[in-house]
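Take a look at the structure set out below.
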Amino acid sequence: MTGTAPAPFTADDYRARMARAAREAADAGLAGLLVAPGPDLVWLTGYAPPAATERLTLLALAPGHDPVLVVPTLEAPDAAKAAGAPALTLRDWTDGKDPYAVTAGLLEPRGRFGVSDNTWAMHLLGLQRALPGTSYAALTEVLPMLRAVKDPAELELMAAAGAAADRAFEEIRTMPFAGRRESEVGADLAGLLRRFGHSQVDFTIVASGPNGANPHHEVGDRVIARGDMVVLDFGGLKDGYGSDTSRTVHVGEPTDEERRVHDLVREAQEAGFRAVRPGVACQEVDRAARAVIADAGYGAYFIHRTGHGIGVTTHEPPYMIEGEEQPLVPGMCFSVEPGVYLPGRFGVRIEDIVTVTEDGGRRLNDTTRELVVVG
Ligand code: ZN
Ligand code: ZN
Ligand code: ZN
């Protein structure tokens, strides 16, 4: 994750996010949050250093204290330009100084802290050495819903990212598939996402024929042929917010069985979407989609959860999975993406990003969910 944060957010927005995060940390019994460069830091401060490095950059958020960003002196001018910088105190450290000692001075020596998931182990171990009485937990374990509920400005950015991904699908479906390699179609998809405003492409899955039966397949050298089902699953970040959509197309006229399986997945996707409303547990979305596929006898071929949250990253909590009792809240955004995978033959997946509204759900992807025939 690089680049600057999206323009619509002001220092006051970041101040409010940091205050809420500190409050939620206190409610969770934590002495604070420690956030290294990555999506959490972007969301909290608008600051995205070019890369996480061996030089410590760390936001310390503690209830009742002003947020402090510990930053290498040579990167401090960049940090000072972040949209959230006016809501922060910068504490810079120069090479040769011990950044862990600097950070330790800001922390409660016997506290338990939530740490952003992508914090480097060497930095956490350095802190532990400086403050042996502290303990730590992964941020997504202690505050999984911190970024889950999007405000109206965030929802607009999510909708724009979804619309851009939809435009990419509308273009790719008019391009030739037969006779081209998956990797070539994947490169076209990536180019389209960028053309429609994505600054970062996270994945462009083009899984043709038997490759479609493997949900982890990305792209390969396989040459797409007439008669192939092709799973397309692509997304990334536009103006700091994520897109992620899947459509399954067929090269030439499909068989009755291919049509039937595609219809089944479409029905399951619709059922998952219709289950979305405030107060419903995440697992109910999974159950609704899964029941359609299981009732048709294909339950053994739907081999992954129904969905995942999305926001400043393309995969994050909450997860639409059996056992997840987290209730849906207006403003949450997540995928509904059931699939059927027939080993050695073909796969079908249909995926939309959905946001929870006051009385149901709203799809942020709106290209046709009918089986599209491509050439
Ligand atoms: Zn076919
Ligand atoms: Zn996807
Ligand atoms: Zn997804």
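None of the figures in this text is laboratory data; all of them are computed from the coordinates on show. Worth saying up front: this structure is predicted, and the values here are computed from it rather than measured. Glycine also receives a Cβ, built like all others from the backbone with ideal geometry; neighbour counts cover every protein chain displayed.
When Rg and the Kirkwood radius Rh are both evaluated on Cα atoms of segment 152-374, their ratio Rg/Rh stands at 0.95. When every alpha-carbon pair in segment 11-142 is counted, what percent end up more than 18 Å apart? Of all Cα-Cα distances in segment 11-142, 48 percent exceed 18 Å. Distance between the 7 Å Cα→Cβ label points at Arg226 and Asp366: 3.6 nm. The helix-based estimate of mean residue ellipticity at 222 nm for the chain, built from -39,500 (n - 2.57) per DSSP H run of four or more residues and divided by its residue count, is -9500 deg cm²/dmol to the nearest 500. Each peptide in 201-209, 25-33 gets a packing score, the mean of other Cβ atoms within 10 Å over its residues, and the list from highest to lowest is 201-209, 25-33. Subtracting the Cα-Cα distance of Lys81 and Leu125 from 0.36 nm times their residue separation leaves 12.9 nm of extension gain.
Of all DSSP-defined beta bridges confined to the chain, some 75% are antiparallel rather than parallel. Overall, the chain carries a charge dipole of about 380 debye about its Cα centre when +1 sits on the Cβ of Lys and Arg and -1 on the Cβ of Asp and Glu, all other atoms neutral. Taking amide H positions as modeled 1.01 Å from N, with prolines and chain starts lacking one, the residues under 5 Å from Lys238 and 5 or more places away or on another chain are Ser199, Ser243. Straight-line cross-link partners of Lys238 among the lysines, defined as a Cα under 16 Å from its Cα and at least 8 positions apart when in the same chain: Lys150.
Legend: P(r) of the chain from all alpha carbon pair distances, 10 Å bins from 0, whole percents, reading 5, 23, 28, 22, 15, 6, 1.
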